[in-house]
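Structure record follows, encoded as structure tokens.
Nothing in this text is a laboratory measurement; each read-out follows from the coordinates by a stated rule. Owing to the predicted nature of the structure, the values given are computational and were not obtained by experimental measurement. Virtual Cβ from ideal backbone geometry, glycine too; neighbours counted across all protein chains shown.
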Amino acid sequence: MLVLQPIPLNYVFGVAQSGVLMPDREWVSVPAPEGWMAGWGKVYKELLDTPEEELRDLNVSRVPRELERALKVAEINPSALDILELASGDGSVACYLAKLGATVEALDALEIAVEVTRRRAKALGLEERLTARLRSIDGWDIPHGKYDVIVALQCLQYLFDRAIPRTKEILEAIKPGGFFVYSGNILPHFETDPPIRFITREELQEMLEGWTLHSFGEDEILLKKDDLRGYIWVVARKPIG
Ligand SMILES: C[S@@+](CC[C@H](N)C(=O)[O-])C[C@H]1O[C@@H](n2cnc3c(N)ncnc32)[C@H](O)[C@@H]1O
């Protein structure tokens, strides 16, 4: 059982169908519905019991690898970078970036995600370079021009009406010459309640006007029968001057 100390004031508790409080399903208050948070929490919980050698295997998607490629193109040494990853989930991307040499701050609203990320970082000997914290993406002042890189994969869409305003604040928090690393869903996607706030290609292009696009793509992937999902990603560099 996880013991949280101190417990933030805005804490809510995932409640199992039986009505029993599930201490391993705690999260900070976020706009995403309880069922979605509990679902992600369930996936991460399984990782807490995974042998350490499996946690060391960082099977990341193409987006962080696109960042690594962009850094090479821009001749930037990752070990000089301060990276913020928002909604870092199982911590594999945060560890991948820390393994490149960067200093990484990883945030997620789920206690279990933070726990798995710390466990993974420990298994990889990356604790000095990776800090995992329980925190929402939104609802706090993100310092202007602080980060070399901000990574936001499959998460900003769950802020609903705050998705676009918060994305703009996040972009402000990136230093001149720094990178924004993004992925999210677009149509086609099954209907959800509440509807996911898909951030479209046009909206990304508008927000990233003047930035250098190192990688910008869309995919449609049939995840299972009758479940074709659209994805969009971008790795973009903020103008230096
Ligand atoms: C689909 S998963 C994506 C995780 C990871 N970024 C990835 O790409 O594998 C969504 C994640 O967003 C987190 N999340 C959802 N809303 C959040 C919020 N407002 N603040 C912080 N984390 C949030 C969930 O806890 C979950 O870890």
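Helical content alone sets the calculated 222 nm signal of the chain at -8500 deg cm²/dmol, taking -39,500 (n - 2.57) per DSSP H segment of four or more residues and averaging over every residue.
Listed from fewest to most Cβ neighbours within 10 Å, the set Ile83, Ile221 follows the order Ile221, Ile83. Semi-axes of the equivalent ellipsoid for region 119-174, computed as √(5λ) from the eigenvalues of its C-alpha gyration tensor and ordered from largest down, come to 25, 14, 10 Å.
Cross-link check: pairs Lys42/Lys238; Lys146/Lys225; Lys99/Lys146; Lys72/Lys146 evaluated at a Cα-Cα cut-off of 32 Å; pairs beyond the cut-off: Lys42/Lys238; Lys146/Lys225.
Translational diffusion of region 145-239, estimated by Stokes-Einstein from the Kirkwood radius over alpha carbon pairs at 4 °C in a medium of 1.567 mPa s, is 94 µm² per second. Of the trypsin sites (Lys or Arg not before Pro) found in region 150-182, not one falls in a DSSP loop while having at most 11 other beta-carbon atoms within 10 Å. Of the residues Leu130, Leu204, the one with the fewest other Cβ atoms within 10 Å heads the list, and the complete ranking is Leu204, Leu130.
For region 48-146, report the convex hull volume of the alpha-carbon atoms normalised per residue, in Å³, without decimals. Please report the intermediate quantities before stating the final value.
On the way: hull volume 9.6 nm³, N = 99.
Convex hull volume per residue, Cα atoms: 97 Å³.
Across the chain, Cα-Cα pairs farther apart than 22 Å form 54% of the total. Semi-axes of the equivalent ellipsoid for region 47-105, computed as √(5λ) from the eigenvalues of its C-alpha gyration tensor and ordered from largest down, come to 22, 12, 10 Å.
The GluC sites (Glu not before Pro) of region 99-207 meeting both criteria, a DSSP state outside H, G, I, E and B (loop) and at most 15 other C-beta atoms within 10 angstrom of the site's C-beta, are Glu127, Glu128, Glu191. Membrane-span-like helices in the chain, defined here as complete DSSP H runs extending at least 20 Å along the helix axis by their C-alpha atoms with mean Kyte-Doolittle hydropathy no lower than -0.5, are 34-48; this is a sequence and geometry rule, not a statement about a membrane. With neighbour counts taken as other beta-carbon atoms within 10 Å, the residues Asp138, Asp193 rank, fewest first, as Asp193, Asp138.
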